[in-house]
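Visitor: Starting off with a structure, shown below.
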Amino acid sequence: MYLKCLVISQVLLVLVLENSWALSCIACNYFNCLAVSDCPGKKVLDSCGCCHECAKQKNEVCGGPYDVYGTCDKGLQCAGNILKGICVGHSSTHTHKKKKRAKRRRHRGRKHGVHSIRTQTAPRREERSGDAIITQGGASEPGDLFK
């Protein structure tokens, strides 16, 4: 019975470890970084955040666990599954729709006064406590008590 439990636990351990990922980054040593000079796009940091590398261009492999295959350049996105992707361009209609929605929200906000700047002081807040009214702000002296 003990042997069966031991074998089952070992099999389960192997299955769990086989389907898990980990990224081990050693201490950053800039002398080990390769010189990056001729990039067709921008430079980005590697998955450990230590060395610069060229951003991936259209139709290049990207993503993966912890972005080990690289990051796409500006204007591109990594499309694919969790294991690996391909850099593709953003859909122009999708971007246009997002901009249109944002503009509509800004306009709606102005119409209802959300984005207007207040030039008046905040209204006085009064609290009634028994027979006294405590006024905060706007009184002749801060915290005056009137009966």
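All of the numbers you see were taken from the coordinates with simple rules; none came from a lab. What you are looking at is a predicted structure, and each value in this text was computed from that prediction instead of being measured. A quick note on method: Cβ atoms are made from the backbone with ideal geometry, for glycine too, and the neighbour counts reach across all protein chains shown.
Visitor: Residues with amide H under 5 Å of K84's amide H, sequence separation 5 or more or different chain, H placed in the peptide plane at 1.01 Å from N; which?
Guide: Residues meeting the amide H criterion: G64.
Visitor: Note down the nm distance, to one decimal, between modelled labels 7 Å out along Cα→Cβ at C25 and at I82.
Guide: 2.1
Visitor: In addition: Simple spin-label model, 7 Å along Cα-to-Cβ: Q10 to H90 in nm?
Guide: A separation of 5.3 nm, rounded to one decimal place.
Visitor: Calculated FRET efficiency, L34 and K74, Cβ-Cβ r, R0 35 Å, to nearest 0.05?
Guide: The pair L34/K74 has a calculated efficiency of 0.95.
Visitor: While we're on this one: Length gain on complete extension for the stretch K58 to M1, per 0.36 nm per residue less the alpha carbon to alpha carbon distance?
Guide: Going from the current span to full extension adds 14.8 nm.
Visitor: Could you rank the peptides 64-73, 45-54, 29-38 by their average count of other C-beta atoms within 10 Å per residue, with the highest value first?
Guide: By packing density, highest mean first, the sequence is 64-73, 45-54, 29-38.
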